[in-house]
Amino acid sequence: MAASDIATTSRIGYIYVIAGGDLLKIGRSWAPGGRVREMQTGSPVELRLVHEVPVPGKTAPKVERRAHRILQDFHVRGEWYRCTDIEAVAAITDAVSAFSIKRVTKDQVDDMLGRQRAIALVAKNPEYRWMFEAAFPDVFPA
């Protein structure tokens with residue numbers, strides 16, 4: 001799924017910082033680690049994931065745009081910035097707080113991913129619904 005699709009869903013998306021040389025890329029993705037691997041193929045410098053923050057998918061584009069605006073003085077090209085890791089992480093933190101997004105815990109992300117997988121599985125195989133009724137009663141009422 002493309003990063004632009006993050007805006008149209010209730011899934012958890014991520015705002016990330018990827019370092020490459022002396023530049024940092026601030027972007028959004030469903031899977032930042034996969035995004036690094038995808039970008040690495042076309043990059044002459046080693047890329048590494050510096051930071052990622054889970055955010056509600058529908059809010060991710062707004063958070064990303066706000067982080068970009070905060071870092072506009074460091075802008076180089078596209079989503080690439082010449083700033084420190086700390087400045088990039090601070091911009092994302094400020095952007096997240098501007099939308100009153102509470103930090104999501106790993107358990108909440110795991111629960112959300114579990115729900116999404118359960119919904120997808122039951123959509124394809126309705127006969128499996130009974131397996132998820134106890135775990136996610138709000139999604140699959142008995």
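Read-outs throughout are calculated quantities, based only on the coordinates presented, and are distinct from any laboratory measurement. Here the structure is a predicted model, which is why all the values come from computation and not from measurement. Cβ sites come from the backbone with ideal geometry, for glycine too, and all protein chains shown count toward neighbours.
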So if I restrict to the alpha-carbon atoms in the range 3-98, what is the Rg, and what is Dmax, the biggest pairwise distance, in Å? 12.4, 35
Could you please report the charge total around Gly21, scoring K, R as +1 and D, E as -1 over all other residues with beta-carbon less than 15 angstrom from its beta-carbon? 0
Compute the distance from the alpha-carbon center of the range 47-85 to that of the range 13-41, in whole Å. 10 Å
